[in-house]
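Read through the structure below, which is laid out as structure tokens, and then see the notes.
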Amino acid sequence: MDLSLTPEYEAFRQEVVRFIEDYRDQAPRGYPSKAWQKILIEHGYAARTIPRDYGGYGAEPDVLKSRIIAEEFTKAGLPGGLSNQGISMFVPTLLELGSEEQKKQWIEPTLKGDIVWCQGYSEPNSGSDLASLQTKAVVDGDDFVINGQKIWTSTAYEADMMFCLVRTEPDAPKHKGISYLLFSMDTPGIEVRPLKTMTGAASFNEVFFTDVRVPTTQIVGQRGEGWFVANATLKYERGMLGDPNQAGTRLNAIIKMMKEETMGGEKLMDNPLYRDRLVKLQSRVLAMQYHGLRLVTHQIKGEDPGLARLIVKLMGCELNHDLAGFAIDILGELGVLYHGSSYLRDNGMWQHRYMFDLGLIIGGGTAQIQKNIISERGLGMPREPKPATV
Amino acid sequence: MEFGLSEEQRLLQASVSGFLEKASELDVVRKIAEGDQSARDVLQEGIDSLGLAGVMIPEDFGGLGMTLLDAALVEEMLGRYVTPQGFLSNQMAVAGLLASGTQEQKETWLPKIAEGSVQFGIGIAEQTGAREGAGLDEKDGKLTGRALFVTEADKASQFIVADRSGRLHLVIGDAGGLSRKKLSTIDVTRSVGELVFDSVAAEALLTENVAGAAAQKMLAVGRVLQAADTLGAAQRMIEKAVAYSLERKQFNRVIGSFQAVKHMCAEMAAELEPCRSLMWFAAHAYDAEPDQVALMAAHAKSHVAEVGKFVARTATEVHGGIGFTDVLGLHFWFKRIGLNRQMFGSPETARQDAARLQGWV
């Protein structure tokens, strides 16, 4: 047990801090920008471990350095690099399973933000049981011809390209009949319809395919290997959705609010019921933060943390959602305001997050699917036997 | 940076576990609970032979010079095997003596704890909320009053108790004017009682100005060890629940293949894993970041108590009717976790402490 950093890492932290001082003025307010992404890649604070040949910075993977960068950027309130499904999911997949040509063609423009990707996985009838997906692609000459529908496609409107799972081998077992295709969103036959969510925003879309023609070369891996290819990315998404630092940032914002906001002439922090709930949440945030350190330690040593890793999506998403829910509770009537209303606190962030986070609990493998994974892979319990048909 | 157990710590835990698996199996625990003194002596001798009593005592005083985390790893195993043992009380005494004892007091008592020849009982319940009629007053080196929920009250050879001002005092177990009474509790694996003082000779552990601080430090050590004890007990309950669910069949299936049961087990495991990390850090703070130990101990105590309660009831439910009976002895773990939750301040009390330590009250 040693939480100190060696001089090498202390020096690295200083380097990051200096960068932040020097470049703070050029950082965009709010969301990351392409110009900011360029600066970050040049200095190794985005696309850090992606080889230079593919437009990254080319550093050796170093979990601790990545963590230091994230910590310092969060502390300074600076946006990190661009984050979208292309960068966080498609690029790692391509690095692992793409052909050399595909890596050369797609990774650099994706990292720069010149190409934005969306993910075509879920379908109306294939959610938790993703491998049952029915969107089909039939070979006709040099093309696949795609027909079907995807849903929950974030950024489909803005996206230039889609990485998509389609059924190419209808007679194979369900996990072995899927292929992983890449195509432009401008391809004729694609129709995107926004899907308005409970937050009021259209953060997802439905995407319809009618005789969409995609060259057979636009495939990652072989025909029928798509499930295997996709799982390389799902693993990535599940890790991403349970970030304990985000919970810490939220907790601090709530503490600040409880010290400042008054109700009935009394500070929220002086209400013993609210205070008890706050400390309860603080315990959970701390537990998840130290749990995060424990996972980082395993990662540094190249060990599989097993059960400890499997719980992160479930526990992290629940905690973030509970933090937002608590913030709304302590706001009382103010907690129902929305859409820029007068008296709205924190620009409606808590209301939005309380709803949006429910989406995160459901997306990327529902809480119930996570519990199946924990019990089966973490505790060695058997899979549910095949169901009786209704 | 390394946030995890060292190889030595893993070995330490494995060796304690390996020993207790046999020495503290359920039949032994039952015998001791029923008052079988020879069974208790055999277990005690075995534990003494491991030489762990002095785990936190500096080598200068005959101990192993290890950390609170090492002690917590031992306590976790004692919780795992619901072992009737006064290890926790002795470690609190060590913390109290190190924090506030004179050189002479340390030289007198620390080596004795290390060699396993004394058992301390701890009376600081009045520091986290005194019941009516409880509290000790000191006058001219004599204590008068009542201390409730004193650990090892019936067995201890020595006590460390706090008076109303938070000053610590060392009292010999057979001192004149001291009467001891064991209180029957839900948890027969630990001993809790009442001490009544009628002008009992006591030796103050320190000067008055730092009195409260030493008691608080002892309390923090107690809370961390208690969290470790609950962690070990809860972990075992999850293992028992999973194992039972893979044996028990209903509707021609092992019940562990039903999602309702799988999800109960997954929830227990998901809640308990982060507790481990929280407890590790709280223990680590005692040696490495002393400014944080009181706060982190309060967090570890309250959070692990909450999760422990959830695991205790859920694991019992997974066992169905048999879990409710005495047959499997599951209730020993249930009650161990229950006692840990109430002692040294309830979760609410510990959270109030945490709020106070951050200047929120």
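The charge dipole of chain B, taken about the Cα centre with unit charges on the Cβ atoms of Lys, Arg (+1) and Asp, Glu (-1), comes to about 1300 debye, rounded to the nearest 20.
The C-alpha atoms of the stretch B:1-157 occupy a region whose extents along the principal axes are 49, 43, 29 Å, arranged from largest to smallest.
Over chain A, consider all pairs of different Cα atoms and compute the Kirkwood hydrodynamic radius from their mean reciprocal separation; express it in Å, one decimal. Mind showing how you got there, number by number?
Values: mean 1/r = 0.0432 Å⁻¹.
It is 23.1 Å.
Ranking B:PRO290, B:MET279, B:GLY256 by how far each Cα lies toward the positive end of the dipole of the stretch B:211-357 (charges on Cβ) leaves B:GLY256 at the top. Note on the protein assembly as shown: percent of Cα-Cα distances in each 10 Å bin, starting at 0 and stopping at the bin with the largest distance, equals 3, 12, 20, 22, 18, 13, 7, 3, 1, 0, 0.
Counting only residues at least eight positions apart within a chain, or on another chain, the aspartates and glutamates with an alpha carbon under 17 Å from that of A:LYS38 are A:ASP22, A:ASP25, A:ASP53, A:GLU108, A:ASP114. Over the stretch A:27-109, what is the relative contact order in whole percent, taking alpha-carbon pairs under 8 Å and six or more residues apart? After rounding, I find 30 percent.
Charges on Cβ only, +1 for Lys and Arg, -1 for Asp and Glu, centred on the Cα centroid of the stretch A:241-378; of A:LEU337, A:ILE254, A:LEU360, which one is farthest towards the dipole's positive end? Checking the options against the dipole of the stretch A:241-378, the answer is A:LEU360. The amide H of A:LEU344, built 1.01 Å from its N in the peptide plane, has no neighbour under 5 Å, considering only residues 5 or more places off or on other chains.
Note on the stretch A:117-225: Cα-only Rg and Dmax are 13.4, 45 Å. Using the structure shown, list the pairs from B:LYS240/B:LYS262; A:LYS301/B:LYS262; B:LYS31/B:LYS335 with a Cα-Cα distance above 20 Å, or answer none. Flagged as over cut-off: A:LYS301/B:LYS262. Using the beta-carbon distance between B:SER49 and A:ASP304 and R0 = 30 Å, what value does 1/(1 + (r/R0)^6) give for FRET efficiency, to the nearest 0.05? Calculated value: 0.25. In units of the rule-of-thumb radius 2.2 N^0.38 Å, the stretch A:7-82 shows an alpha carbon radius of gyration of 1.04.
The HN-Hα couplings worked out from phi for the stretch A:262-277 by the Karplus form 6.51 cos²θ - 1.76 cosθ + 1.60 (θ = phi - 60°) are 10, 9, x, x, 10, 5, 4, 5, 7, 7, x, 6, 5, 4, 5, 5 Hz, whole numbers, x standing for Gly and Pro. Loop exposure criterion: chymotrypsin sites (Phe, Trp or Tyr not before Pro), DSSP state outside H, G, I, E and B, at most 16 other Cβ atoms within 10 Å. Applied to chain A, the longest stretch between such sites is A:158-337. Cross-link partners for A:LYS196 among the aspartates and glutamates, with Cα-Cα distance under 18 Å and sequence neighbours closer than 8 places in the same chain left out: A:GLU123, A:GLU158, A:GLU206, A:ASP357. Exposed loop sites, defined as trypsin sites (Lys or Arg not before Pro) outside DSSP H, G, I, E and B with at most 14 other Cβ atoms within 10 Å, are absent from the longest region of chain B, namely B:165-361. Between amide H atoms placed 1.01 Å from N, distances below 5 Å from B:GLY4 occur with A:ASP2, all of them 5 or more places distant or on a separate chain.
Could you work out the relative contact order of chain A, using alpha carbon pairs under 8 angstrom and six or more residues apart, expressed as a whole percent?
For chain A, the relative contact order is 11 percent.
Look at where the Cα atoms of the stretch A:244-303 and of the stretch B:275-352 average out, and the two centres are 20 Å apart. Working note: Cα atoms of the stretch A:35-126, range along each principal axis, descending, whole Å: 43, 32, 26. Pairs A:LYS75/A:LYS150; A:LYS280/B:LYS217; A:LYS313/B:LYS22: which exceed 27 Å Cα-Cα? A:LYS75/A:LYS150; A:LYS313/B:LYS22, as the Cα separations exceed 27 Å there. Applied to the stretch B:70-77, the Karplus parametrisation 6.51 cos²θ - 1.76 cosθ + 1.60 on θ = phi - 60° returns per-residue 3J(HN,Hα) values of 4, 4, 5, 5, 5, 4, 4, 6 Hz, with x for Gly and Pro.
The charge dipole of the stretch A:286-327, taken about the Cα centre with unit charges on the Cβ atoms of Lys, Arg (+1) and Asp, Glu (-1), comes to about 120 debye, rounded to the nearest 20. Counting Cβ atoms of other protein chains within 10 Å of each Cβ in B:274-287 and taking the mean gives 5. A simple charge model with +1 on the Cβ of Lys and Arg, -1 on the Cβ of Asp and Glu and nothing else charged puts the dipole of chain A at about 760 debye relative to its Cα centre. Farthest towards the positive end of the charge dipole of the protein assembly as shown, among the residues B:PRO347, B:SER179, B:LEU330, is the Cα of B:LEU330, using unit charges on the Cβ of Lys, Arg, Asp and Glu. When restricted to Cα atoms, chain B yields an Rg and a Dmax of 20.3, 74 Å, respectively. Amide H contacts of B:GLN119 (H built 1.01 Å from N, in plane; Pro and chain starts excluded): B:SER157, B:GLN158 sit under 5 Å, all sequence-distant by 5 or more or on other chains.
Taking every residue in A:299-307 and counting other chain Cβ atoms within 10 Å of its Cβ, the average works out to 2. 3J(HN,Hα) along the stretch A:221-232: x, 8, 4, x, 9, x, 5, 4, 4, 5, 5, 4 Hz, from the Karplus curve 6.51 cos²θ - 1.76 cosθ + 1.60 with θ = phi - 60°, whole Hz, x for Gly and Pro. As a length-normalised measure over Cα pairs under 8 Å and 6 or more apart, the relative contact order of the stretch A:191-350 settles at 18 percent. Based on the Kirkwood radius over alpha-carbon pairs, what value in µm²/s does the Stokes-Einstein equation return for the translational diffusion coefficient of the stretch B:120-208 at 4 °C and 1.567 mPa s? The Stokes-Einstein estimate is 102 µm²/s. Estimated from helices alone, the mean residue ellipticity of the protein assembly as shown at 222 nm is -16000 deg cm²/dmol (sum of -39500 (n - 2.57) over DSSP H runs with n ≥ 4, per residue).
Only the coordinates and a few stated rules stand behind these numbers; no lab work does. Fair warning: this is a prediction, and the values are worked out from it, not measured in the lab. Glycine gets a Cβ as well: all are built from the backbone with ideal geometry, and neighbour counts include every protein chain shown.
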